[in-house]
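Report on the following structure.
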């Protein structure tokens with residue numbers, strides 16, 4: 001027992017190899033928090049405000065009806081205490097923006113990090129289906145661990161950051177394999193990915209034109225970087241540096257060809273813990289390094305206890321959830337509710353980026369009319385609505401309505417429900433909801449009729465682009481939902 005305690009004390013000792021790393025990570029995290037909160041501030045009332053698509057007060061009321069007094073534990077949020085008004089929702093996001101700037105300049109870091117975590121956790125649960133994304137939970141866990149980074153890194157804390165990065169990368173690769181998706185096993189995933197991803201930007205069009213051999217090589221590199229490279233994380237320094245280099249390269253390639261908000265920037269930030277100060281000093285200006293002063297202190301008893309608790313709880317939670325996907329064991333079933341409770345606080349989640357690949361892009365074109373003869377289309381900010389629409393870059397912003405429309409053609413009940421609510425608010429002319437659009441063709445009075453047409457969108461090739469100037473070609477499929485669901 002004494003040897004275990006002695007070993008724990010060693011793992012909690014300040015590690016001066018990560019002084020610059022810690023300073024830089026906190027600044028990058030501040031920028032990522034800033035992007036995330038600013039993105040939400042412009043959308044949150046339209047998504048879940050009083051006149052939004054899924055009003056938060058209705059959500060909380062239903063939660064209390066079905067769960068009772070434990071509803072706050074299932075959806076931990078400050079909005080249970082302060083209310084669900086539009087001003088409070090937007091004010092919370094704006095406060096997150098302000099606190100992110102405070103963190104960026106390095107003031108009151110631990111207190112600010114605690115507040116940022118609590119605010120984002122609250123918005124995560126308030127956002128319901130619109131916030132149910134892996135990058136949101138990735139930011140929550142990274143932000144929670146960063147609270148204990150103030151005052152200096154230690155081996156246990158570095159392991160927890162490594163474990164988060166390992167789960168993100170390895171699980172994404174593994175779920176691609178076990179999904180039995182033919183595009184991954186047949187190395188054709190990138191033949192579809194660039195044009196069928198939720199919100200492609202202009203880089204995706206150019207990547208789609210690459211030779212088939214290069215696209216297949218890209219699939220191989222993706223699987224190698226997700227299935228093999230993550231194990232380098234737990235090997236000696238040379239392997240860790242290699243893992244950092246390959247992972248950062250993959251993130252830069254994704255940024256160059258995809259709109260995935262802030263997740264790739266956050267993944268790059270997590271790769272910092274695979275490096276050390278010696279590696280950074282070799283590539284950063286000496287004057288910049290000399291000006292970094294990261295305060296550290298001896299480990300406090302509360303901080304020490306919390307890091308040990310995280311070291312126990314987070315790996316166990318993620319392993320239970322992971323095992324439940326593959327094993328039907330009574331012990332796993334018994335412990336799964338406990339693991340899910342931990343995950344409600346943004347910790348220990350699973351990650352499975354693009355386990356299956358869509359082979360067709362179905363776009364919903366929403367139109368209104370007052371006479372049933374002349375139809376005008378609603379325009380969105382980032383999703384393509386016509387053949388001449390240039391694929392736009394929106395990084396690191398995530399337009400959550402545009403993004404979520406990508407899921408609706410699957411006709412899953414969850415997406416049918418929120419889409420019906422969205423259409424109902426468009427029909428009533430809700431200013432909060434129509435503010436999420438690029439153009440509302442009925443700004444004064446909502447139309448009498450609405451319809452939704454479905455088109456298959458495909459990238460043009462170089463010759464078609466040169467001839468027509470169009471980025472897309474389209475084929476009419478039918479009126480939604482009176483057509484077969486998109487699969488997958």
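Table for the structure above
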{"read-out": "Segment 6-28 residues that are farther than 16 Å from residue 159 by Cα, paired with ones that are in a helix (DSSP H, G or I) and modelled with pLDDT of 80 or more (beta carbon under 7 Å, 6 or more apart)", "value": "20/277; 20/280; 24/272; 26/103; 26/109; 26/146; 27/104; 28/269"}
{"read-out": "Residue identified as out of contact with any strand residue (DSSP E or B) (no Cβ under 7 Å at 6 or more places or on another chain), more than 25 Å from residue 432 (Cβ to Cβ), modelled with pLDDT of 95 or more and surrounded by 20 or more Cβ atoms within 10 Å (Cβ to Cβ) among 20, 44, 53, 32", "value": "32"}
{"read-out": "Any hit, segment 202-215, residues being more than 28 Å from residue 142 (Cβ to Cβ) and within 22 Å of the chain's Cα centre (by Cα)", "value": "yes"}
{"read-out": "Close pairs (7 angstrom Cβ cut-off, 6 or more residues apart or separate chains): in the same structural domain as residue 24 (by TED's automatic domain parsing) and under 24 Å from residue 401 (Cα atoms) in segment 109-130, surrounded by fewer than 23 Cβ atoms within 10 Å (Cβ to Cβ) and at pLDDT below 95 anywhere", "value": "none"}
{"read-out": "Top-ranked residue in segment 277-304 [being part of a helix (DSSP H, G or I) and loosely packed, with under 10 Cβ neighbours inside 10 Å; ranked as modelled with the highest pLDDT]", "value": "302"}
{"read-out": "Residue within segment 131-140 that is buried (at least 20 other Cβ atoms within 10 Å of the Cβ) and either outside the structural domain of residue 271 (by TED's automatic domain parsing) or assigned to a loop (DSSP other than H, G, I, E, B) (or both) present", "value": "no"}
{"read-out": "Test: residue in segment 305-326 that is in contact with a helix residue (DSSP H, G or I) (Cβ under 9 Å, 6 or more places away or on another chain) and assigned to a loop (DSSP other than H, G, I, E, B)", "value": "yes"}
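The values are calculated or read from the model by the stated rules, or taken from the named source; none is laboratory data. This one's a predicted model, so the numbers in the text were calculated from it and none came from an experiment. Note: ideal-geometry Cβ built from the backbone for every residue, glycine included; neighbour counts use all protein chains shown.
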